[in-house]
Amino acid sequence: MLFKFTTISALLIALTTLPAQAENKKRWVSLNQCVDIALARWSERGELVGITKLHKDNELSGIERHNGTLESILSLRPTTVFATEFNQRRLIEALKDYVDVVVLPQPRSWEIYEQWLSIMSAQTGYSEKVDQHKTKLQIALDSQADSRSAIVIMPNQYSWGEGSWTDSMFSQMGWQNLASTAGYDLVSIDLEQLISWQPDTVIMEGFADDAKSADFALANIWRHHPVVRRWMEEQDKVHFIPHETSSCPVVNAAEYVEALGHRRGNRE
């Protein structure tokens, strides 16, 4: 993306931010789908004025979508833009010429998660709501604490290894993440490894919550192995995490952990 503007167009863009700043009102714009959700939960009406276009029409209704360009973001007259370390650096640097930009770290450990919470608390001014998020997660973690072994499986046999957010949550519960021996962060697990490990708990991310209707796409074919299918018939062994929860695992951390306590047979 090229950020080349004439003197006149740059001046016009800069002027679009002046009314909001003069009113001293919060006008937040988010550049990340998961941060969109967090800010929507923690803000008062009218404070979150711009989110990404990644949400369905019926999600976060009443909030403008931007297309990720400098012009579309600044046209929303933000007082603060919330970005993450994965957003395009050139865009972030260009935005800093016009508006305050908060760059959030990606929580991969409990320490970085606490740093993420601290930044969100300071920048939103809603420390009580942010604290409630952490408290809710801690209660969920404590309720699942034991010494079981576990593994997350996703399509194409990917899993979360050492140094991932999932690995950090498992550690908080005292669980052994079997995939941590396979590598760092996102790792690939073959069927032989999965069967030989014999995990106490298998967590399925990105699949339909129906053990008997898995399609025969190459991404899912390993699910039809007899041993894996036997696991799926054991109510307490396999847990399906809904996509809307697993797609934002930090923001939805408490809901993620709570889902681990649900038996599939009791979920109607």
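Among residues of the stretch 179-199 that are among the aliphatic types (A, V, I, L, M), those with a Cβ under 6 angstrom from a residue that is surrounded by fewer than 13 Cβ atoms within 10 Å (Cβ to Cβ), sequence gap 6+ or separate chain, pair up as 195/227.
In the set (1) at pLDDT 85 or above; (2) outside any loop (DSSP other than H, G, I, E, B); (3) in contact with a helix residue (DSSP H, G or I) (Cβ under 8 Å, 6 or more places away or on another chain), the condition left unmet by residue 244 is number (3).
Does residue 45 satisfy the condition of being of a type outside the set (Ser, Thr, Tyr) and farther than 22 Å from residue 125 by Cα? Here the answer is no, as residue 45 does not meet what is asked.
In the stretch 190-204, how many residues are surrounded by 14 or more Cβ atoms within 10 Å (Cβ to Cβ), in contact with a Phe, Trp or Tyr (Cβ under 9 Å, 6 or more places away or on another chain) and under 18 Å from residue 224 (Cβ atoms)? Residues in the stretch 190-204 being surrounded by 14 or more Cβ atoms within 10 Å (Cβ to Cβ), in contact with a Phe, Trp or Tyr (Cβ under 9 Å, 6 or more places away or on another chain) and under 18 Å from residue 224 (Cβ atoms): 4 in total. Within the stretch 21-60, if we keep just the residues that are farther than 20 Å from residue 250 by Cα and among the aliphatic types (A, V, I, L, M), the residue that is modelled with the lowest pLDDT turns out to be 22. For the stretch 81-101, name all the residues that are buried (at least 16 other Cβ atoms within 10 Å of the Cβ) and within 17 Å of the chain's Cα centre (by Cα). Hits for the stretch 81-101 are 82, 83, 84, 87. Could you grab me the full set of residues in the stretch 221-235 that are open to solvent by 10 Å² or more (accessible area, probe 1.4 Å) and either outside any loop (DSSP other than H, G, I, E, B) or without any contact (Cβ under 8 Å) to a residue 12 or more places away in the chain (or both)? Of everything in the stretch 221-235, those that are open to solvent by 10 Å² or more (accessible area, probe 1.4 Å) and either outside any loop (DSSP other than H, G, I, E, B) or without any contact (Cβ under 8 Å) to a residue 12 or more places away in the chain (or both) turn out to be 221, 222, 224, 226, 227, 229, 230, 231, 233, 234. Output the residue which, of all residues in the stretch 113-162 that are assigned to a strand (DSSP E or B) and of a type in the set (A, V, I, L, M, F, W, C), is most open to solvent (accessible area, probe 1.4 Å). The qualifying residue most open to solvent (accessible area, probe 1.4 Å) is 160. Would you mind stating whether residue 131 is of a type in the set (Asp, Glu), touching a helix residue (DSSP H, G or I) at 6+ places or on another chain (Cβ under 8 Å) and without any contact (Cβ under 8 Å) to a residue 60 or more places away in the chain? Taking the combined requirement at face value, the residue satisfies it. Looking at 68, 50, just one residue is on the phi > 0 side of the Ramachandran plot and either surrounded by 13 or more Cβ atoms within 10 Å (Cβ to Cβ) or in contact (Cβ under 8 Å) with a residue 60 or more places away in the chain (or both), and that residue is 68. Please determine whether any residue of the stretch 61-68 is modelled with pLDDT under 95 and among the hydroxyl-bearing types (Ser, Thr, Tyr). Looking for residues that are modelled with pLDDT under 95 and among the hydroxyl-bearing types (Ser, Thr, Tyr), one finds at least one in the stretch 61-68, hence yes.
Looking only at residues of the stretch 236-251 that are open to solvent by 70 Å² or more (accessible area, probe 1.4 Å) and touching a residue at least 12 places away in the same chain (Cβ under 8 Å), we find that the one that is nearest to the chain's Cα centre (by Cα) is 243.
The values are calculated or read from the model by the stated rules, or taken from the named source; none is laboratory data. None of these values were measured; they are calculated from a predicted model. Note: ideal-geometry Cβ built from the backbone for every residue, glycine included; neighbour counts use all protein chains shown. Calculation scope for accessible area: heavy atoms of the full protein, side chains included, ligands and nucleic acids excluded. Shrake-Rupley method; radii C 1.70, N 1.55, O 1.52, S 1.80 Å.
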